[in-house]
Structure formats: structure tokens, C-alpha cells
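Student: One structure, as C-alpha cells, below. Some questions next.
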Amino acid sequence: QSALTQPASVSGSPGQSITISCTGTSSDVGSYNLVSWFQQHPGKAPKLMISEVNKRPSGVSNRFSGSKSGNTASLTISGLQAEDEADYYCYSYAASITYVFGTGTKVTVL
Amino acid sequence: QLQLQESGPGLVKPSETLSLTCTVSGGSVRSSNDYWGWIRQPPGKGLEWIANIHYSGNIYYNPSVKSRVAISVDTSTNQFSLKLSSATAADTAVYYCARWTQNAFDIWGQGTMVTVS
């Protein structure tokens, strides 16, 4: 069970849009619409941003959106803001009731 | 508002058992729709799911640690716990507890650092 692959870092200027990819396999991301994303600021508890590929929990800004194509899921942040600077992780349900996490992406707002 | 808080020793000796507890406040571990889980992150490495438990007794373990792990829930104290036996340096990590509901880990604790040394 290998970790999902994410870019180590993504950056953008305020107001821009950025996209973070999360690549798995046909055994996890590709087989289930159960990909989630969470945001983590240093020293803080992770915060769920997207569940089930593209569902936004109550209270999460609509600037955050998710999608999936084949074995790759994506998180897009539009209208980038300074407060979006954080680490982002994806995770997916995998076979036999297990879960696999992404390697993490550091988002920098320039 | 539901909150989770991990607690336990920050330092464990090799070969001993690592024990952690997660206290649930603002909600109940007896919720029929929820599972309760543990996830860890070694320093500089990625996250690893460890186990999930439902108050009814349904348990799921990551096969990579299944032989050494036990997860349990105590409805009287509204807590759930993790025990990891035969600890090694490789078990050094930040340990998070989280709620699994509606197909996602939606509420997380802040995490607790455990060093095996």
C-alpha cells in the first residue's frame, strides 16, 4: 500500500488559482469516489476541506473545489489568499477497508 | 462542537507498549454513524492510518501494524484508546485521533508527539 503522490510544493500569488494533484492507483483513487483533502497549519489540527472527491463540508469556502480523473484527484484553490498558506494532504479509501494518505503539499502564497 | 484531544506519554522505551487515549468532547463515541480512528506521522514522513473502531465493536486495522496494535473504546468515559506493543524507533511519530463519518475523517485532534527512545 503505497502513499498517494502529491507535489512537494505549489505556489501562487494572491487572487490566482492553484491546483494540487494526488495520484494513486486503480486500487485506491481510481476505484472509489472516496478521496478527501485536508488543510494543516503548523501546530494546528488538520481541517477537512473536501470529502468524497468534491463535497465541501459546511463552513469551508467555495474557493476550494475537488475533482478526479482516473487515478488522479485534484484540489483547486481559487482566489488564493494569504490564509490558504498551509500544508495540504489527500487521502483515499483503499481495498479491504484501509486508507492511504498523500505525501503532502506545501502551499505558499507569494 | 465536537473536539478530540489526544493524551499519553511523550516518551516510550523500546520494546515497551505505546498507549494513547483520545477524549471526545461535545459529542458521544456512541454515535451510530461514526467510527473513531488513529493516524500517525513520523517526523519528516507521510501520514499512516492505523486503525478505526465503532462503539459496537467493529474494528479495522492497517495490515502493516495489525499484529502489534489494539484499539478500544470506553463509552463510560467517552474515550477511545490505542495500544502499540513492542515499540521501536520507527514508531516515533505525531499521533492523531480523528472521527470517521460520511466517508471522511472530518474532525481531528491536534496530535501528540511520541518518541520511542
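The values are calculated or read from the model by the stated rules, or taken from the named source; none is laboratory data. This is a predicted model, so every value here is computed, not measured. For neighbour counting, all protein chains shown are included, and Cβ atoms are generated from backbone atoms with ideal geometry for every residue, glycine included. To get the accessible areas, we keep the full protein, side chains included, count just its heavy atoms, and leave off ligands, DNA and RNA. Shrake-Rupley method; radii C 1.70, N 1.55, O 1.52, S 1.80 Å.
Student: Rounded to the nearest percent, how much of the accessible area of chain B (1.4 Å probe, protein heavy atoms only) is carbon and sulfur?
Tutor: Carbon and sulfur atoms account for 46 percent of the accessible area of chain B.
Student: To continue, here is another question. What list of ³J(HN,Hα) values in whole Hz, one per residue of region A:96-110 in order, does the Karplus curve 6.51 cos²θ - 1.76 cosθ + 1.60 (θ = phi - 60°) give from phi, with Gly and Pro shown as x?
Tutor: Working through the residues one at a time gives 6, 6, 10, 9, 10, 9, x, 7, x, 10, 8, 9, 10, 9, 6 Hz.
Student: Another one. Explain nothing, just compute: Karplus ³J(HN,Hα) = 6.51 cos²θ - 1.76 cosθ + 1.60, θ = phi - 60°, for every residue of region B:7-13 in order, whole Hz, x for Gly and Pro.
Tutor: Rounded to whole hertz, the list is 8, x, x, x, 9, 10, 7.
Student: Another question, then. Hey, what's chain A come to in accessible area per residue, 1.4 Å probe, Å²?
Tutor: Roughly 44 Å² per residue, with all protein chains present.
Student: A further question on this structure: Once amide H atoms are built 1.01 Å from N in the peptide plane, which residues 5 or more positions from residue A:11, or in another chain, come under 5 Å H to H?
Tutor: Amide H neighbours of residue A:11, under 5 Å, 5+ apart: A:108.
Student: OK, next. Can you give the accessible area buried between chains A and B, summed over both chains, with a 1.4 Å probe, in Å² to the nearest 100?
Tutor: Summed over both sides, the interface buries about 1700 Å².
Student: Under the rule a/c < 1.5 gives rounded, and otherwise a/b versus b/c splits prolate from oblate, where does the protein assembly as shown land using the Cα gyration tensor?
Tutor: prolate
Student: If I model a spin label as a point 7 Å beyond the Cα along the Cα-Cβ vector, how far apart are those points for residue B:64 and residue A:96 in nm?
Tutor: Using points 7 Å along Cα→Cβ, the separation is 1.3 nm.
Student: To make sure I understand the rule: partners must be lysines, Cα under 24 Å from the Cα of residue B:13, and not fewer than 8 residues away in the same chain. Which ones qualify?
Tutor: Output for residue B:13: B:45, B:66, B:83.
Student: Kindly write out, for region B:75-89 in residue order, the coupling ³J(HN,Hα) from the Karplus curve 6.51 cos²θ - 1.76 cosθ + 1.60 (θ = phi - 60°), rounded to whole Hz, with x marking Gly and Pro.
Tutor: For region B:75-89, the Karplus curve yields 5, 6, 10, 6, 9, 9, 9, 10, 10, 10, 8, 6, 5, 10, 4 Hz.
Student: Any chance you could list P(r) for chain B, counting all Cα-Cα pairs in 5 angstrom bins from zero, rounded to whole %?
Tutor: 2, 13, 24, 26, 19, 10, 5, 1
Student: Given a 1.4 Å probe, show me the residues in region B:70-113 buried by at least 50 Å² of accessible surface when comparing the whole protein assembly to the chain alone.
Tutor: Output list: B:100, B:103, B:105, B:108, B:110.
Student: Once the whole set of protein chains is in place, how much accessible area is left on residue B:81, using a 1.4 Å probe, in Å² to the nearest 10?
Tutor: 30
Student: Work out the FRET efficiency for residue A:16 and residue B:110 from their Cβ-Cβ distance, taking R0 = 35 Å, and round it to the nearest 0.05.
Tutor: That pair, residue A:16 with residue B:110, gives E of 0.70.
Student: Then there is this: First measure r as the distance between the Cβ atoms of residue B:78 and residue B:103, then evaluate 1/(1 + (r/R0)^6) with R0 = 35 Å and state the FRET efficiency to the nearest 0.05.
Tutor: Here the calculated transfer efficiency is 0.90.
Student: Please check region A:74-96 for residues whose accessible area, probe 1.4 Å, is lower by 30 Å² or more when all protein chains are in place than in their chain alone.
Tutor: Hits at the 30 Å² cut-off: A:89, A:91.
Student: What are the semi-axes of the equivalent ellipsoid of region A:1-72, taken as the square roots of 5 times the eigenvalues of the Cα gyration tensor, listed largest first and rounded to whole Å?
Tutor: Those come to 21, 15, 14 Å.
Student: Let me ask something else about it. Ignoring any ligand, DNA or RNA, what whole percent of the accessible area of region A:1-76 comes from carbon and sulfur when the probe is 1.4 angstrom?
Tutor: 44
Student: Also, quick follow-up: Per residue, how much accessible surface does chain B expose to a 1.4 Å probe? Answer in Å², no decimals.
Tutor: About 45 Å² of surface per residue is accessible.
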